[in-house]
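What follows is a short report on a single structure.
The values are calculated or read from the model by the stated rules, or taken from the named source; none is laboratory data. Since the structure is predicted, the reported quantities are computational estimates derived from the model, not experimental observations. Heads up: the accessible areas ignore ligands, DNA and RNA and are worked out on the full protein's heavy atoms, side chains in. Shrake-Rupley method; radii C 1.70, N 1.55, O 1.52, S 1.80 Å.
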Amino acid sequence: MTQISEHPLKDKSILIIDDQKSFQKLLKGMLLQLGANNIVFYDSGEAALNKIDKNSVDIVFIDYNLGQGRNGKQFLEELKYLNKLSRHSISILVTGESTRSVVLSVLEIEPDDYLIKPFSTGMLKKRLSKLSARKKLFYDANQAIEDKQLAVAVEKFLALAEQHPRTSQFCFKRACQLYFELE
């Protein structure tokens, strides 16, 4: 397992989109305990949309229930469609909703993780550590996609599947998606 530094979130740009001030404060407190020092809040996806730039967010927490307008799932779909998040960014949907239909619909849009409230600082640290290690493992393949070198990305995902069998299902899925884009 990858070791994380004492302050794994230092200098990471973190965005929290949640319409409840109490949860914003709670999550901010947890993130500050983990060493975060660059946290921005928005009450809605609409408020955040024009402020998000592809290279400006390292980690984004999006609440599933955002009140009026789009929900968190719809907002994350829009961020991905508009190419506003880098493939190196970590996206986490957060909610109190744990019904099968909600969880399955959220997983379709492939956030990096899905946290069900309530959760502890320890759980958050563990999840962020695993997500960071996973992003690091896939960095070169994702960078090839960012650079529009899809054939190179396919090769990298296939090599990762062979080198890291636990990731093979994910790697094969990505390779198939890229083959489709390459026609």
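So how much slack lies between residue 46 and residue 32, counting 0.36 nm per residue of separation and subtracting their Cα-Cα distance, in nm? Intermediate results must be reported in sequence, preceding the final value.
Numbers: separation 14, 0.36 × 14 = 5.04 nm, distance 2.57 nm.
Working it through step by step, the gained length comes to 2.5 nm.
Out of every Cα-Cα pair in the range 20-92, what percent are more than 20 Å apart?
Numbers: 736 of 2628 pairs.
Percentage above 20 Å: 28.
Given H placed 1.01 Å from N in the peptide plane, which residues other than close sequence neighbours of residue 16 have an amide H under 5 Å from its amide H?
Residues meeting the amide H criterion: 40, 41, 42, 61.
Under the Kirkwood approximation applied to all pairs of distinct alpha-carbon atoms, what is the hydrodynamic radius of the chain in Å?
17.2
Tell me, what % of the accessible area of the range 1-143 is carbon and sulfur with a 1.4 angstrom probe?
The nonpolar share, carbon plus sulfur, comes to 49 percent.
At 1.4 Å probe radius, can you tell me the per residue accessible area of the chain in Å²?
58
Sequence-distant or interchain residues sharing an amide H contact under 5 Å with residue 90, placed H: which?
59, 60
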